[in-house]
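Report on the structure given below.
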Amino acid sequence: MLKFFSEETSFKQPHPIKTSKWIKTISKSEGYEIGSLNYIFCSDDYLLEINKQYLNHDYYTDIITFDNSEEEGKLEGDIYVSIDRVKENSENLSVDFETELRRVLIHGLLHLIGFEDTDENLKSAMRSKEDECLLQF
């Protein structure tokens, strides 16, 4: 089950059915099924509080992924997405908002699958995989 929610923002996923199918297709192509996956769209301040409370980080970020998976091959988690950050990133990178949003959504999924971005080599591999996934939308 894949769901989209909003907290402290009026944002709604513009293409929920198409986006859900895309995320499920990517997951399946990587050898995983989706158990319970929640995308929570929120404000910068909302995500900053989560970042402080759970990760002891005092800075804005576009996404935080919590892995709740308990069963091998089944993805479960909560992925928080700051709509404010996505908007700003899309402007700074000169890409349209929906493309940047899809990149962030798939970034969270890739974290659940096992991709990391803790150093430059891993970031590069993650970016390449994001690009590959974006082509499938």
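The values are calculated or read from the model by the stated rules, or taken from the named source; none is laboratory data. Nothing here was measured: the structure is a model prediction, and the numbers come from that model. All Cβ positions, glycine included, derive from the backbone under ideal geometry; neighbour counts span all protein chains shown.
Computed values, structure above
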{"item": "Qualifying positions in segment 102-137 - surrounded by 17 or more Cβ atoms within 10 Å (Cβ to Cβ), touching a Lys or Arg at 6+ places or on another chain (Cβ under 7 Å) and aliphatic (A, V, I, L, M)", "result": "Leu110"}
{"item": "Unique residue being touching a strand residue (DSSP E or B) at 6+ places or on another chain (Cβ under 6 Å), more than 19 Å from Met1 (Cβ to Cβ), surrounded by 17 or more Cβ atoms within 10 Å (Cβ to Cβ) and not small (Gly, Ala, Ser) when the list is Ile64, Ile34", "result": "Ile64"}
{"item": "Residue in segment 128-136 that is in contact with an Asp or Glu (Cβ under 9 Å, 6 or more places away or on another chain) and aliphatic (A, V, I, L, M) present", "result": "no"}
{"item": "Lone qualifier among Leu101, Leu37, Leu105, Leu48 - being over 18 Å from Met126 (Cβ atoms), touching a helix residue (DSSP H, G or I) at 6+ places or on another chain (Cβ under 8 Å) and touching a residue at least 12 places away in the same chain (Cβ under 8 Å)", "result": "Leu37"}
{"item": "Condition check for Ile64: at pLDDT 95 or above, within 20 Å of Lys123 (Cα to Cα) and in a strand (DSSP E or B)", "result": "yes"}
{"item": "The lone exception for Glu130 - which of (1) outside any loop (DSSP other than H, G, I, E, B); (2) in contact with a strand residue (DSSP E or B) (Cβ under 8 Å, 6 or more places away or on another chain) it fails", "result": "(2)"}
{"item": "Residues located in segment 78-93, provided they are among the hydrophobic types (A, V, I, L, M, F, W, C), over 18 Å from Thr25 (Cα atoms) and not in a helix (DSSP H, G or I)", "result": "Val81"}
{"item": "Residues that are closer than 18 Å to Thr25 by Cβ and among the β-branched types (Val, Ile, Thr), drawn from segment 94-137", "result": "Thr99, Val104, Ile106, Ile113"}
{"item": "Failed item, numbered, when Asp84 is tested on (1) closer than 23 Å to Ser43 by Cβ; (2) in contact with a helix residue (DSSP H, G or I) (Cβ under 6 Å, 6 or more places away or on another chain); (3) without any contact (Cβ under 8 Å) to a residue 12 or more places away in the chain", "result": "(3)"}
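Let's see how each residue does on (1) within 18 Å of Asp67 (Cα to Cα); (2) among the aromatic types (Phe, Trp, Tyr); (3) modelled with pLDDT under 95:
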{"site": "Asn92", "(1), (2), (3)": "no, no, no"}
{"site": "Phe97", "(1), (2), (3)": "no, yes, no"}
{"site": "Thr118", "(1), (2), (3)": "yes, no, yes"}
{"site": "Glu132", "(1), (2), (3)": "no, no, no"}
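So that you can scan it fast, the table gives a plain yes or no per residue for (1) at pLDDT 95 or above; (2) in a helix (DSSP H, G or I); (3) closer than 20 Å to Asp67 by Cα:
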{"residue": "Phe11", "(1), (2), (3)": "yes, no, no"}
{"residue": "Pro14", "(1), (2), (3)": "no, no, no"}
{"residue": "Ile23", "(1), (2), (3)": "yes, yes, yes"}
{"residue": "Ser27", "(1), (2), (3)": "yes, yes, yes"}
{"residue": "Gly31", "(1), (2), (3)": "yes, no, yes"}
{"residue": "Gly35", "(1), (2), (3)": "yes, no, yes"}
{"residue": "Tyr39", "(1), (2), (3)": "yes, no, yes"}
{"residue": "Tyr46", "(1), (2), (3)": "yes, yes, yes"}
{"residue": "Glu49", "(1), (2), (3)": "yes, yes, yes"}
